Amino acid sequence: MYILPKSFYARDPKVVAIDLLGKVIVRKLDGERLSGIIVETEAYYGFNDPASRAYGGIKPFCRVMLEEPGTLFIYMVHGNWLLNIVTLPKGIPSAVLIRAVEPKEGIKIMLRNRRVKRIYDLTNGPGKFTKAFGITKEYNGLNVADPSSPINIIDEGYRPSSIESSHRIGVSRDLPQKLRFYIKDNPYVSKAKPRA
DNA sequence: AGGAAGATCTACT
DNA sequence: GTAGATCTTCCTA
């Protein structure tokens, strides 16, 4: 039960994406504590990945991809904030997108942030998860390995029984490798299907 | 000014 | 289950 150090993130985003499954993301909010088990991730590379924000060069809004590993990279897509964590050593852009979590602590507060009928719909998508956790661009650039950060990722010892992979979801131009990873049979994994 | 972007919700068959 | 509208930034022209 400890906060994952920067060295955890200073590796290939694919490896980090897999290792993040089963880890717990904790969010401190007004003295309350929200947390969830990470059940679905995607890996994004840099200049050579057509689906990466860094493809073709770093633009102003994705400059934090050049920061230390463990840095939060948050941006808006289709009206949703998506939360990524920067990987590889400083200066080499790449990241892991958190796509879904299994709610653990603070579910009442999450339900206040996002009204849903079924608890399974609370955080089973990248935009749903950030909304439920009350995460916006204001945390862009913070580092999850920093204990004073309002968002940390900790290891509570949980290890997924079985991990599946697929192509990334929603991307218009994907790489040949499968870079989406999720815990098999977990009901909190997003329902979205990768395009054929 | 216009359009694309790693998505989500609603309203149907 | 699928189709279409719509969500909000940021980039490009």
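The values are calculated or read from the model by the stated rules, or taken from the named source; none is laboratory data. Here the structure is a predicted model, which means the values were calculated and not measured. Counting neighbours? That spans all protein chains shown, and the Cβs are built from the backbone with ideal geometry, glycine included.
So which of A:134, A:127, A:106 is modelled with pLDDT of 95 or more and in contact with a Ser or Thr (Cβ under 9 Å, 6 or more places away or on another chain)?
Of the residues listed, the single one that is modelled with pLDDT of 95 or more and in contact with a Ser or Thr (Cβ under 9 Å, 6 or more places away or on another chain) is A:106.
Table: residues versus (1) polar (S, T, N, Q); (2) within 14 Å of the chain's Cα centre (by Cα); (3) within 16 Å of residue A:136 (Cα to Cα); (4) surrounded by 18 or more Cβ atoms within 10 Å (Cβ to Cβ).
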| position | (1), (2), (3), (4) |
| --- | --- |
| A:26 | no, yes, yes, yes |
| A:39 | no, yes, no, yes |
| A:68 | no, no, no, no |
| A:97 | no, yes, yes, yes |
Do the conditions hold for residue A:1, that is, is it within 16 Å of DNA strand C (Cβ to nearest atom), surrounded by fewer than 20 Cβ atoms within 10 Å (Cβ to Cβ) and touching a residue at least 60 places away in the same chain (Cβ under 8 Å)? no
The range A:44-109: strands (runs of 3 or more DSSP E) wholly inside it with 2 or more residues that are within 20 Å of residue A:189 (Cβ to Cβ) and more than 7 Å from DNA strand B (Cβ to nearest atom) are A:80-86, A:95-105
Here is a list of conditions, (1) in contact with a strand residue (DSSP E or B) (Cβ under 8 Å, 6 or more places away or on another chain); (2) surrounded by fewer than 21 Cβ atoms within 10 Å (Cβ to Cβ); (3) among the β-branched types (Val, Ile, Thr), and residue A:101 meets all of them except one; can you say which number that is? (2)
Does the range A:134-144 hold any residues that are more than 18 Å from residue A:97 (Cβ to Cβ) and either surrounded by 15 or more Cβ atoms within 10 Å (Cβ to Cβ) or more than 14 Å from DNA strand C (Cβ to nearest atom) (or both), and which are they? A:134
Among A:27, A:11, A:33, which is away from DNA strand C (no atom under 16 Å from the Cβ), touching a Gly at 6+ places or on another chain (Cβ under 7 Å) and either modelled with pLDDT of 95 or more or of a type in the set (Gly, Ala, Ser) (or both)? A:33
Sort out which residues of the range A:169-196 are more than 11 Å from DNA strand B (Cβ to nearest atom), assigned to a loop (DSSP other than H, G, I, E, B) and closer than 14 Å to residue A:124 by Cβ, and write them in order of number. A:185, A:186, A:187, A:188, A:189
With more than 16 Å from DNA strand C (Cβ to nearest atom), surrounded by fewer than 21 Cβ atoms within 10 Å (Cβ to Cβ) and not hydroxyl-bearing (Ser, Thr, Tyr) as the only criterion, which of A:88, A:20 stands out? A:88
Yes or no: residue A:131 in a helix (DSSP H, G or I) and within 16 Å of DNA strand C (Cβ to nearest atom)? yes
Residue list for the range A:111-124, filter: in contact with a helix residue (DSSP H, G or I) (Cβ under 9 Å, 6 or more places away or on another chain) and buried (at least 19 other Cβ atoms within 10 Å of the Cβ): A:122, A:123
I'm checking my understanding of the structure. Among residues of the range A:42-66 that are among the hydroxyl-bearing types (Ser, Thr, Tyr) and either within 11 Å of DNA strand C (Cβ to nearest atom) or over 16 Å from residue A:15 (Cα atoms) (or both), which one is nearest to the chain's Cα centre (by Cα)? A:52
Are any residues in the range A:76-85 buried (at least 24 other Cβ atoms within 10 Å of the Cβ) and either out of contact with any helix residue (DSSP H, G or I) (no Cβ under 8 Å at 6 or more places or on another chain) or not β-branched (Val, Ile, Thr) (or both), and if so, which ones? A:83, A:84
